[in-house]
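Shown next, in structure tokens, is the structure this report addresses.
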Amino acid sequence: MLNSKNGGRPLAAAAVASVLTVTAAACGSGGTGDGTAATASASASAAAEKVTITVQTFGSGENFGYDSAVEAWNKSHPNIQIKYDNLAGNFESEYLPQVNQWLEAGSGAGDIIGIDESGMGQMAARPQHFVDLAQYGLDSRKADFPEWKWNTGLNKDGKLFALGTDVGGMAMCYRSDLFKKAGLPTDREEVAKLWPDWDSYLKVGQQLKSKLPKTSFVDGPVTIFNTLMVQEAGKAGNLTFFDKEQNLVIESNPAVKTAFDFTKKLSEAGLSAKLAAWTDEWAAGQKNGAFATMACPSWMLGVISGNAGEENAGKWDVAAVPGGAGNWGGSWLAVTSQSKHPKEAAEVLNYLTSKEGQLHAFKEAGGVPSTLTGQQDPVVADAVNEYFSKAPSGKIFAESTQSVSPIFFGEKHTQVRAAVEQVLLGADQGSVKWGEAWAKFVAEGQMAAG
Amino acid sequence: MSLDVDAGRARLRPVPPGPHRHRQSSTRHLLSWLDMRATPYLFVSPYFLLFALFGLFPLIFTLWVSLHDWQLAGEREFVGLENYTQLLADTKFWNSVLNTVGIFVLATVPQLLIALLLANALNKRLRGRLVLRLSVLIPLVTSVVAVGVIFTQLYARDYGLVNWLLGAFGVEPIHWQNQKWSSWIAIATMVDWRWTGYNAIIYLAGMQTISKDIYEAASIDGATPRRQFWTITVPLLKPTIIFTVIVSTIGGFTLFAEPVIFGGGGMTGGTVGQFQTVAMFIVKEAFRDFDYGYAAAAAWILFLLILVAALVNYAITRGLGRSR
């Protein structure tokens, strides 16, 4: 999620750090055990020697928000220390390639790695790289999670390899100052009433455009397309690009076509700022008010406030998303089979995905807990976001995740998604004609899946 | 330790007389023969050892990988030449070859011409010559990432300096990433900014080996400076020019960092691959689509393409000045 210029250095640092950790752990297990034995009584865990568990994640800004959770754990568990590395900003183009190289090489990956939902299909197809969590008793956690969140963590052999962290509840972020200039209501309840469905959202866009011709209504085609596609997937057997037998259904799945058609309509109405997500210009657009609305999963709030900066505090607000519930993003944690201490790693994973760990993360980064009790906790339910005009973000996002359904991700979901997003962007920016875009969209998807 | 002590003692011992003497001279003979024959190999061996480790092994391993359907961190299966036949029919691969060649020509031709003229100017008697000569090298020591980031900001659609300047002349803002021609120009300027000075310094070094007498004789015969440049400097500089052309070919065909940064970090090179180079294609196949075998095959084809391009360019530059 970060641009590449910032991505390189943390990556290299993390690579060095993980090597150091492995060495440190190896020294620890071979060296003196007496020094640590005295303090072991303070810990509830039964580790005889001091081990360090490396947790690797991705994301820009506050990302997984594990700083306070890790600090709390490290204080109470002197024998199992967590080393937390946020490796890279962008999941698909930076983090996933790096992790795959480590998995291929057989070393370098952390004890625990974070996986974005779009990479879950690929990881589930590679059971050899992950530890079976049921072996360490984590199958007892089933009742804590919504069924879909739990099922996505099962690999192709039906074994539990990952547990959920947050869920990407969906909302619509908007610039209330621009809405005011355009003579639209600014209160988030009234704004939500303006767009019960996507067609009325489009009409609001046209109203805004007629008053403020220089301001676009949405950032670009990609965020809207993904939001709509996962919403529509609920009506289409919970499929997006692949069916459950790993066949590409991009051409026949109505969820994909509906999302495509709406994106096209929005673009042809001239409402898009034609920006590619995660670029510098996209970030500059958030700062300069180049566009008035942007679909935002819960973790996106941190991205927007980081990009738009303090001078825009209070100009952004959050309202309900058109079309009701939605789910974009959300992540899982898995223990790699490279881990020298899988038992301790499973313990740490259990903690980070527990209600307690998730509440730490919510307070720090705003990711809505995936555990049912975590979502109902007052910390989440009563949360307001200062930056976003004190919006009751916890309530908005928790509501939007309640009726979401389990979306199935094919093994090559990330590849297909990256390929078709480029077609949407190209059509929006003019390098592809909208008339030819659908055929190209399908063809690119097929090529990426092939 | 004990070995050292023995060796020390041996050195102190006086030279024994008789038959021993003969034996030692034959060892000495052997040693000096070894010294003559083996030492040069010993001196060049670090390069070849390192080359074997970091050059030859990856090359052969890549060939091995390219014969497989090899998913990164996933399954692998021997498929023979299938990756190659697929690649030769892949329009996206050829698009990336076209982009690479296009950007190469767009960047290298003006770059070498400007470098030649710049070197010629720096070869004259100027005040502060050293400072001027050093300053053309400054772009080279800046980080390629910094160059990429700054140029990308200059060429930004909404808030970029270039569009702002064009706007002052009433030109509509150009979305530089969006078209082949505009993205190629933008990337070529990044490459030129960085490498022109480097080539100029190499040309300058070449020019200084040309004897002044030739120029003096030419002046006496009434040849203008321009005529001297084309009929003396350029032909005599030909070996240097051939060197820079070949180095630029290798650099141009493996162009990677500038277009990646220009495209915001992605490997697709714009929405429809407007500026995806072969190197980007390889990285995308290997590390975004995790198709390791396919990427390895593409890497081998790139290797062959560079060989061909270097030979073609060598043939072209060798003919340089012949018609004059």
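Between B:Arg37 and B:Phe57, the modelled labels are 3.0 nm apart [label points 7 Å from Cα along Cα→Cβ].
For A:Lys395, the lysines whose Cα falls under 27 Å of its own Cα, not counting residues fewer than eight places away in the same chain, are A:Lys142, A:Lys149, A:Lys180, A:Lys193, A:Lys203, A:Lys235, A:Lys287, A:Lys315, A:Lys355, A:Lys363.
Measuring nothing but protein heavy atoms, the accessible surface of chain A at 1.4 Å probe radius is 53 percent carbon and sulfur.
Ranking B:Tyr198, B:Leu87, B:Gly263 by Cα position along the charge dipole of chain B, where only Lys, Arg, Asp and Glu carry charges on their C-beta atoms, puts B:Tyr198 farthest toward the positive end.
Selection among A:Ile80, A:Gln375, A:Tyr136 by position relative to the dipole of chain A gives A:Gln375 as farthest towards the positive end (Cβ unit charges, Cα centre). Here segment A:42-156 is assigned +1 on the Cβ of each Lys and Arg and -1 on the Cβ of each Asp and Glu. Its dipole about the Cα centre then comes out at about 320 debye.
Each Cα pair under 8 Å and six or more residues apart adds its sequence gap; the mean of these over the residue count of chain A is a relative contact order of 23 percent. Burial of accessible area (probe 1.4 Å, heavy atoms of protein chains only) in segment A:84-107, relative to its chain alone, reaches at least 20 Å² for A:Ser93, A:Pro97, A:Asn100, A:Gln101, A:Glu104.
For segment A:111-132, a decrease in accessible area of 10 Å² or greater in the assembled protein chains relative to the isolated chain, with a 1.4 Å probe, applies to A:Gln122, A:Arg126, A:Gln128, A:His129. Springs between alpha-carbon pairs under 10 angstrom, Gaussian network model over chain B: which of B:Arg125, B:Arg157, B:Arg76 fluctuates most? Looking only at B:Arg125, B:Arg157, B:Arg76, the biggest GNM fluctuation is shown by B:Arg125. Distance from the Cα centre of segment A:105-144 to that of segment A:204-279, in angstrom? Computed from Cα coordinates, the inter-centre distance equals 31 Å.
Taking every alpha-carbon pair under 8 Å whose residues sit at least 6 apart, segment B:44-198 reaches a relative contact order of 23 percent.
Each of B:Gly128, B:Phe104, B:Gly74 was placed along the dipole of segment B:72-130 (beta-carbon charges, centred on the mean Cα), and the one lying farthest toward the positive end is B:Gly128.
A loss of 50 Å² or more of accessible area (1.4 Å probe, protein heavy atoms, ligands and nucleic acids excluded) relative to the isolated chain is seen in these residues of segment B:52-75: B:Leu72, B:Ala73.
Could you work out what % of the accessible surface of chain B is carbon and sulfur, using a 1.4 angstrom probe and leaving DNA, RNA and ligands out of the count? The C+S portion of the solvent-accessible surface of chain B is 70 percent. Around the Cα centre of chain B, unit charges on the Cβ atoms of Lys, Arg, Asp and Glu (plus for the first two, minus for the last two) sum to a dipole of about 1860 debye. Principal-axis analysis of the Cα atoms of chain A puts helix A:434-449 at an angle of about 20° to the longest axis. Accessible surface buried by the A/B pair amounts to about 2600 Å², both sides summed, 1.4 Å probe. Solvent exposure of the protein assembly as shown, expressed per residue, is 46 Å² of accessible area, with all protein chains present and a 1.4 angstrom probe.
Between segment B:36-94 and segment A:390-450, how far is it from one alpha carbon centroid to the other, in angstrom? Each part reduced to its Cα centre gives a spacing of 36 Å.
Can you give the charge dipole size of chain A about its Cα centre, rounded to the nearest 20 debye, using +1 on the beta carbon of Lys and Arg and -1 on the beta carbon of Asp and Glu?
Using Cβ point charges on Lys, Arg, Asp and Glu, chain A gives about 740 debye.
The values are calculated or read from the model by the stated rules, or taken from the named source; none is laboratory data. Not measured: the values here are computed from a predicted model. For neighbour counting, all protein chains shown are included, and Cβ atoms are generated from backbone atoms with ideal geometry for every residue, glycine included. SASA here: full protein model, heavy atoms, side chains in, ligands and nucleic acids out. Shrake-Rupley method; radii C 1.70, N 1.55, O 1.52, S 1.80 Å.
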